[in-house]
Every structure is written in structure tokens, then in C-alpha cells.
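Below is one structure, written out as C-alpha cells; the observations come after it.
The values are calculated or read from the model by the stated rules, or taken from the named source; none is laboratory data. What you see is a predicted model, and the numbers here were worked out from it, not measured in a lab. Cβ sites come from the backbone with ideal geometry, for glycine too, and all protein chains shown count toward neighbours.
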């Protein structure tokens, strides 16, 4: 049982006898009942157990214990992991207060994993243990599953968004705080021992067709540190369906004065079976009477599935009708007929219009300088007094904190009503407030718009472009360019701010060093070419603000220039399955029948699995029939260096086989340079239409305990856009039937393809 779950009871209970035979109870000798027994002492962990933090740092919360009725003191002693408690390896604190609580600050030691503090109590043999987990600093948040899903509107996706938090060495970070933000609401959870956190609630898509997102943030004590990948955005789509229904959206059963248009233009909405509006459908509005008039009688449904007539003007006093018919397949509700009455004005509210307060600008979470004012009019355009007006902010659009005890807002003699001060919401950008009166749907209610500007406390953070490794002289692709983002104290992006980029080490060149942050607060240079000498290349990004503060003002981005690239191949050691059949995409092995297998009787040279050649294509066997495997690699980002004759390429692979004279023994590793599009590879390979080729054939010695390496090299010719590496096992000794298991035991491992700066 954990120490935090123990309840230790210590005390001496006095014996209590029953009543005497004559009904009298025992006394203390003076005729008084004896005193009650002393209270029982109890001990438990009061708080701070089960926390985690980076090794060598203080835990977020104090650790504390309770010694109820115990008196004396509690001694906190480091049991494992190193570190200090209360600034030393052992710390004593009185059990104070009415609850008898003692607490201490625990700084974890350098050891990773579980660490323990033992707590003992003066005058008692009992002890408690408080535990914590130490890990390295969080360095990466990465998606595990739940990306790119689809589902019906209003339903939960099948896989909950899941992320993993790890340190710089790839170790999982347990109990790290992760906030999954859906529709502005954070759902907090913590990572398991595996460093994995799953969204703690279902992701239910909206009932409106379209895309939705959940954003997963790694959170460190209320902040969002700029670790790699933070935050992770998950996208899902609510799939639209077939339109099935036409309904009235606005404009039915209106009354207006003769010769005037109805206040609300008749509109219909076309829906699918989930209630989503269907755009792009044609609706025709036709009058039922000769009197009056209609403009723009043919309308197209908008993004919300709504089609609205241009105007509908009534004639003399009486009832009028307007019919809306949807084109195309029959659906319920089509045609639909609107009714309106032409009548002299009765003085009832017919419209609400904006007087002042629209299109203001202010900082987030502050009051706008001008209050919102509307006017309520009847059908004849005369003001209507005494009408209750509601001002309702949209989602994320702030609030109207009214003074307590005031009556509802009503229109004055001029038909006007004014809101309480509008306090903007937290998010920068457009916000709105709807003004309405309690008279039903026939009145078109106005909406006030405002622009919320970011807060004045800003911070400069890295988005991408740091810590990469590239060939010297390489022009970095756009996705790998340094990106700096300016955020306010509420994490709103700050657009329109100048950011200056400057080279500080490594030579090379920088294009467009001055940049302006985009709507997401991000700025980057137009291009960065690394220097020609191997080593660190650095660029700084510097921003300043006219008002407020910005921390830090300068960021440094560092990328390494090297003379040889890392291995460009994916699945280079065949730890993952390979694909049968020809391939037309980058980073995928494909070709004749092969398998990724665990070796038996010999050792893999890299990882736990090797490639096993099984069969050639379904062709007649000859001494040159072979089982072939290819992988395409994109090198277009090095095109400028290639065209200058400055890049060579080296392809390598290890081969092995079961021995014996009756075993095929010829292997080959080959590299090819191609121009054009990768989908043309199959035809161009068959026609021998490559730009250049390098090859290395070798005979295996048949000793499973040794591997032979094939090394093919060449200089990449002008125009090379992608390269292909080919691994081959030939049927040079035994020619088996096509499509059978044609090889006795032929293997490859540790393939590589690197570019070399010449």
C-alpha cells in the first residue's frame, strides 16, 4: 500500500465498563465521571505526492504531511535519487496549525526515474514515503494518432487525438501536462509513464459540414514552452451529405405598409439530412399576385445554404404570397410559400438599426470607448419606445458586465437604447455583438463588429528553421527557413511587426533580411544559402515594438553545414516491411518479392531485422534474372549545387547468403540519376533513360558470419532532380521457376545513400 493511502492510528484507548448493577456509572473517586481518553494520533500525506519534474529542479508543489493530534515535528529525509528537501538531505518542520501540518520544498536530484522522501514523526515509530519522478527537460511533442480523420457531422471521431512528450534523447516525459483545446475549451490531462497523453474526452465534430481542429499544447505551469512541435494541431473533417429539405429561413408572415418592401427579405435554406446548409443551389421566387413587385427572383444558396430574394414589395392592403422553388431533384418542403400582409402602420416594432458603436477597435480584454446604440422602428419608420433590447456577444466576443440592480435596457422616446460597456474577449481579431428584441424571427437584427488588437506585452518565439543539417552551400527549402513569431501575453499573434534577420556566422547569404509578421505573427527571410565551409551557420532575428515590451528581442537560429549528408534512405536497415511492386513515390522500398525478417543463425548489422530476397518477377529464369528492390530519393533542394558539378553520391549495402556451390552468389548495388517527375521512373528505367549510373557487383563468400559491402559512387550530372538506389540478388547459379521461393537464403542490410560535397 502507498504511504499516501495509509492512515496510521496511534493511541491508548481506556477500557470502558458497562453500567453498574444498580444503574450507577463509575466515577473518578470524587463523584465525577472519569475524563475521556486522549485523542488518537493519525498520520497521512497531506499533499505533493506523485509529482514529476525535471531532474535537479524543484517540484511544482510543496510536499506536506499531517500529524493530527500528534504534536512534535516531522522530519523529511531524502531516501533515493539525491536532491534536497528544505535545502538539505534531511529537514525537520513542526506539525503546526489546527490540522497539524508540516511541509517542505523538494528539489529533485540528478538521477532520472522515481525518487523518494521518507517522513518520520517525533515520538512515534511511524513513517510515510512521498514519491516523485525525475526526467530530462521536455524537448519534443509529437502526434501519435488521431490525425486526418473524417466522420459524420455531430459524431465523435473514432480515434482520440494522442501525443507523446519526450526529452532530447527520446525518453518519455511522464505526468507532463497536456491541454487539448477544442472550441476554445482546454481539456487537461497528463502523460502516462510512456510519455503518451490521450485527449480525455471524445472529439465530437460539429453538426456543420467542414473542417474542425483540436490543438494539443505541452503546458509547463500555465505556459506553452517553445519545444519542438508545440503545439500539435489535429484536423478532422465533417463530411457533407446530400440535400434533402427546403425550409423557410426568414421573411414569412410579415406586415408592411402598402407600396413598401417587407422589412425582412424572404429567404429559404436548403439542408441535408444532418441540418447542414447546402451551397450553390438555384432557388426561384415567384409572386402569387400581379400587384407589388419582386427583384432578383432567381437566387443561389450561400455558404450556409440560404437563398434570399432581392426584395418583395407589396401592393394595396391585403394578403400576398411568394413561392420559393428549388431546382433539381425533388426534396421535402419545395415549393414553399411565404405570406405577407399589406396594412397601414400599427406602431409595432418592425426593424432594429444601428445608431453608433459599430466597427470600433480596442485592445483585447479592455472596454471599447463607445457604447453600442440601436434604434427600434415600426413599419412606417417611426421610433418605438419602451422596447426591451438585448445585446448578446458572439462566442469569444467578450461580455457586458452590467451594474447590479439596474432594470433591463429599454428604448427611450426616440426609440433608442444603449448597451453597457463592451469588454472585448481574449482572442485578437474580429468580434461581434448581436442586438435583438423579444418579437420573434421576422425582424432582421443588426450585428455590431469590433476588432480586438493584441496585448502590449509581446514575446518572440522560434517556430522552425533551427538545428538542421544540410550540405554546405545549400539553399534551404522554404519550410526549413527560420521563422520567428510574435505573440502577446494571451498568445495572440501580432501581425504587421518588422523583424530583421541577419547572418552572424558561417558565411553564405541571406535574401530579404527584413520581413513583416503575417496574420499569424510569423516572419521569415526570403532565403538562406549556407556557407561553403563545414560548420555552424547562424542567423539572428531581431524585433522591436513601439509600445509595451518584447522578450527576448533577438533569437538565434543555427543550422550545420556538412560535407556529407546523413543517410537519405528511409527504412535503411529494413526494420519495417517493404512493398512488393514498382514504386512511384519517395522514401518507399518497392520491387520484386522481398521480406523484412529477423535473422536466424547469423546477426543483423543494423537493428534487429534484415532484408530477405524471395523471388524475381514472373519472367523466365536466366543467369541474369534478378530480384530487385528500389527506393527513390528527392534531391531537388540541392539542384543549384548539382548543376554546378559540386555534388557526388555514394550508395552502399551489405549482402550475405547461405553457402554452398548450389547457391546463387552474385549481388549488386546500383545508383541512378534522373530528371523529370518521379512517376516516370518505371518507363525511364525500362528504357535505360537515366542521366547517369554507378554500380558495384560483388560475389558473396557464402559465410553467414561475414557480410560483403557493395559501394557505388558517381558525380551527379546537371539536371538531376531525384536519384534511385537499387539492390539486386542475381540467379547466377540456380534458376528456379518464376514466382517461386527462388533464393535459398539471400540477405541485405544497412543500406545507405549520401550526397558528398566535391
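Of all residues being over 20 Å from residue 650 (Cα atoms) and over 46 Å from the mean Cα position of the chain (by Cα) in the range 661-698, which is surrounded by the most Cβ atoms within 10 Å (Cβ to Cβ)? Just the residue, please. Once the filter is applied, the top-ranked residue is 664. Kindly evaluate residue 568 against the criterion of being at pLDDT 95 or above and buried (at least 16 other Cβ atoms within 10 Å of the Cβ). So residue 568 fits the description; yes. Residues that are in contact (Cβ under 8 Å) with a residue 60 or more places away in the chain, crowded, with 17+ Cβ neighbours inside 10 Å and farther than 28 Å from residue 219 by Cβ are absent from the range 155-176 altogether.
The requirement of being in the same structural domain as residue 447 (by TED's automatic domain parsing), surrounded by fewer than 19 Cβ atoms within 10 Å (Cβ to Cβ) and under 27 Å from residue 257 (Cα atoms) is not satisfied by residue 417. With respect to the conditions (1) out of contact with any strand residue (DSSP E or B) (no Cβ under 7 Å at 6 or more places or on another chain); (2) not in a loop (DSSP other than H, G, I, E, B), residue 659 lacks only one, and its number is (2). Only one entry of 498, 484, 502, 452 meets the criterion of being in contact with a strand residue (DSSP E or B) (Cβ under 9 Å, 6 or more places away or on another chain), in contact (Cβ under 8 Å) with a residue 40 or more places away in the chain and under 30 Å from residue 392 (Cβ atoms), and that entry is 452. For residue 36, the requirement of being at pLDDT below 90, outside any strand (DSSP E or B) and under 42 Å from the mean Cα position of the chain (by Cα) is not met.
Scanning the range 342-371 for residues that are in a loop (DSSP other than H, G, I, E, B), farther than 27 Å from residue 494 by Cβ and within 48 Å of the chain's Cα centre (by Cα) yields one hit, 371. In the range 420-439, the residue that is surrounded by the most Cβ atoms within 10 Å (Cβ to Cβ) out of those that are under 34 Å from the mean Cα position of the chain (by Cα) and within 30 Å of residue 254 (Cβ to Cβ) is 433. Applying the criterion of at least 3 residues that are under 14 Å from residue 484 (Cβ atoms) to the strands (runs of 3 or more DSSP E) found wholly in the range 499-539 leaves 514-516.
What residue, among those in the range 291-317 that are in contact with a strand residue (DSSP E or B) (Cβ under 6 Å, 6 or more places away or on another chain), under 21 Å from residue 258 (Cα atoms) and at pLDDT below 90, is surrounded by the most Cβ atoms within 10 Å (Cβ to Cβ)? Per the stated criteria, the residue is 292. Look at (1) closer than 30 Å to residue 191 by Cβ; (2) surrounded by 21 or more Cβ atoms within 10 Å (Cβ to Cβ); (3) in contact (Cβ under 8 Å) with a residue 60 or more places away in the chain and you find that residue 121 fails only one, number (1).
Does residue 583 satisfy the criteria of being modelled with pLDDT of 95 or more and either part of a loop (DSSP other than H, G, I, E, B) or crowded, with 17+ Cβ neighbours inside 10 Å (or both)? Criteria not met by residue 583. For residue 132, the criteria (1) in contact (Cβ under 8 Å) with a residue 40 or more places away in the chain; (2) surrounded by fewer than 20 Cβ atoms within 10 Å (Cβ to Cβ); (3) closer than 22 Å to residue 223 by Cβ hold in every case but one, which is (2). Within the range 315-327, the set of residues being over 54 Å from the mean Cα position of the chain (by Cα) and in a loop (DSSP other than H, G, I, E, B) comprises 315, 316, 317. Of 645, 702, all but one fail to be modelled with pLDDT under 95 and within 26 Å of residue 472 (Cα to Cα); the exception is 645.
For the range 644-656, the set of residues classified as part of a strand (DSSP E or B) and closer than 22 Å to residue 720 by Cα consists of 647, 648, 649, 650, 651, 652, listed by residue number. Whether any residue in the range 640-650 is out of contact with any helix residue (DSSP H, G or I) (no Cβ under 6 Å at 6 or more places or on another chain), under 18 Å from residue 570 (Cβ atoms) and surrounded by fewer than 23 Cβ atoms within 10 Å (Cβ to Cβ) is what I want to check. Yes - at least one qualifying residue is present in the range 640-650. The range 667-743 holds strands (runs of 3 or more DSSP E) entirely within its bounds, and those carrying 2 or more residues that are without any contact (Cβ under 8 Å) to a residue 60 or more places away in the chain map to 692-699, 708-715. Exactly one residue among 434, 427 is in contact (Cβ under 8 Å) with a residue 40 or more places away in the chain and in a strand (DSSP E or B), and that residue is 434.
Being more than 17 Å from residue 747 (Cβ to Cβ) and either surrounded by fewer than 15 Cβ atoms within 10 Å (Cβ to Cβ) or not assigned by TED's automatic domain parsing to the domain that holds residue 685 (or both) is the filter here, so list the residues in the range 589-626 that pass it. Before the answer, list the steps.
Our first condition is that a residue be more than 17 Å from residue 747 (Cβ to Cβ); within the range 589-626, this holds for 590, 617-625.
Correct list: 618, 619, 620, 622, 623, 624.
Of the residues examined, residue 255 is one that is closer than 29 Å to residue 302 by Cβ and not assigned by TED's automatic domain parsing to the domain that holds residue 463.
Rundown of residues vs (1) over 28 Å from residue 155 (Cα atoms); (2) surrounded by 15 or more Cβ atoms within 10 Å (Cβ to Cβ), yes/no style:
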{"position": "194", "(1), (2)": "yes, no"}
{"position": "204", "(1), (2)": "no, yes"}
{"position": "209", "(1), (2)": "no, yes"}
{"position": "213", "(1), (2)": "no, no"}
{"position": "227", "(1), (2)": "yes, yes"}
{"position": "251", "(1), (2)": "yes, yes"}
{"position": "254", "(1), (2)": "yes, yes"}
{"position": "257", "(1), (2)": "yes, yes"}
{"position": "262", "(1), (2)": "yes, yes"}
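So is residue 386 on the phi > 0 side of the Ramachandran plot, surrounded by fewer than 13 Cβ atoms within 10 Å (Cβ to Cβ) and over 46 Å from the mean Cα position of the chain (by Cα) or not?
Yes; evaluated as a whole, the condition is true for this residue.
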